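Student: I have a structure here, written as structure tokens, and I will follow up with some questions on it.
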Amino acid sequence: MGKISEMKTKSIENIEQKMKDVDETSLRYLTLQNAKHFKTSWIELGQTLYTVWKDKLYRNWGYGNFDAYTIKEIGIRKQTALKLLRSYRFLEHEDPRYVSKDYTNGAPTPTVPTYESVNELRLARAKKDIPESDYEDIKKKVLEKGGDAREVKKDLAAIIKRREELEPREAWQKRKIALLKRFLGVLKSARREIGILKILPAQIIKDADNLIRKLETEISN
């Protein structure tokens, strides 16, 4: 525990050191400040990071790409930065109230959704097999009650399982298509290599091509 605390302290010290050399009225300073208060103000950090990423402002600050900027300047890994960006953009589109200053400044910290839970909500929205009523329940749990990512994942798993029990044929069909797609991908990759190396007779290659076409037809039907 002590080591983790020490690492966090060092990260904050690095950010504070950079803040000393940056104009306090600039977006760069604001992003560093939001990174420092990351746990309680991820929405603000997501907002400023989105602007930095969209306008490629990191180039003006001496970084060749966004990943280098987030890692070296504010101490956030690429995966985390992308989740922040996507979660912020999702909130902005799904319900702009939650990215407003009134909300982020006035809401009690325990009810502010984490970026992980908002990211799970974003993934849930993208699933076509989640009923709208179930999605709205999860959305309320995340945005109004501050439900965490583990709870969202659990709820989604329960919803999907329930749907599969109610619609076993549809669920079986989806599993079948997923399996065929994986098989088709492997077959196409092997076919390309075989064509380059020319290690099989022409008839076998022809049979493989026919099988690929049949699988493509089966998947599209």
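The values are calculated or read from the model by the stated rules, or taken from the named source; none is laboratory data. The shown structure was predicted, so the numbers you read here are calculated from the model rather than taken from an experiment. Methodologically, a virtual Cβ is constructed for each residue, glycine included, from the backbone with ideal geometry; neighbour enumeration extends over all protein chains shown.
Student: Working only within region 15-58, note down all residues that are exposed (fewer than 15 other Cβ atoms within 10 Å of the Cβ) and polar (S, T, N, Q).
Tutor: Q17, T25, S26, T40, T51
Student: Moving on to the next point. Would you please name the residue that is surrounded by the fewest Cβ atoms within 10 Å (Cβ to Cβ), looking only at residues in region 196-208 that are touching a helix residue (DSSP H, G or I) at 6+ places or on another chain (Cβ under 7 Å) and part of a helix (DSSP H, G or I)?
Tutor: I205
Student: How many of the residues in region 126-140 are closer than 17 Å to Y88 by Cα and crowded, with 16+ Cβ neighbours inside 10 Å?
Tutor: Total satisfying the criteria: 1.
Student: Let me ask another. Considering each residue of region 12-64, count those that are among the hydrophobic types (A, V, I, L, M, F, W, C) and either farther than 18 Å from L85 by Cα or out of contact with any helix residue (DSSP H, G or I) (no Cβ under 8 Å at 6 or more places or on another chain) (or both), and give that number.
Tutor: Residues that pass the stated criteria total 5.
Student: Residues in region 52-77 that are assigned to a loop (DSSP other than H, G, I, E, B) and among the aliphatic types (A, V, I, L, M): how many?
Tutor: Counting residues in region 52-77 that are assigned to a loop (DSSP other than H, G, I, E, B) and among the aliphatic types (A, V, I, L, M) gives 2.
Student: Follow-up question, since we're still on this one. Out of curiosity, is Y88 closer than 30 Å to K18 by Cβ, modelled with pLDDT under 85 and in the same structural domain as L32 (by TED's automatic domain parsing)?
Tutor: Considered against the rule, which asks whether it is closer than 30 Å to K18 by Cβ, modelled with pLDDT under 85 and in the same structural domain as L32 (by TED's automatic domain parsing), Y88 comes out as no.
Student: Within region 209-221, which residues are loosely packed, with under 12 Cβ neighbours inside 10 Å and among the β-branched types (V, I, T)?
Tutor: Across region 209-221, the qualifying residue is only T217.
Yes/no per residue for (1) surrounded by fewer than 19 Cβ atoms within 10 Å (Cβ to Cβ); (2) among the aliphatic types (A, V, I, L, M); (3) over 26 Å from Q173 (Cβ atoms); (4) touching a residue at least 60 places away in the same chain (Cβ under 8 Å):
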{"residue": "V118", "(1), (2), (3), (4)": "no, yes, yes, no"}
{"residue": "A124", "(1), (2), (3), (4)": "no, yes, no, no"}
{"residue": "V142", "(1), (2), (3), (4)": "no, yes, yes, no"}
{"residue": "G146", "(1), (2), (3), (4)": "yes, no, yes, no"}
{"residue": "K153", "(1), (2), (3), (4)": "yes, no, no, no"}
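Student: So, one more: Starting from residues that are basic (K, R) and over 17 Å from the mean Cα position of the chain (by Cα), keep the ones in region 46-71 and report whichever is farthest from M19 (Cα to Cα).
Tutor: K56
Student: Scan region 59-80 residue by residue and report those that are aliphatic (A, V, I, L, M) and either surrounded by fewer than 15 Cβ atoms within 10 Å (Cβ to Cβ) or at pLDDT 90 or above (or both).
Tutor: Scanning region 59-80 gives A68, I71.
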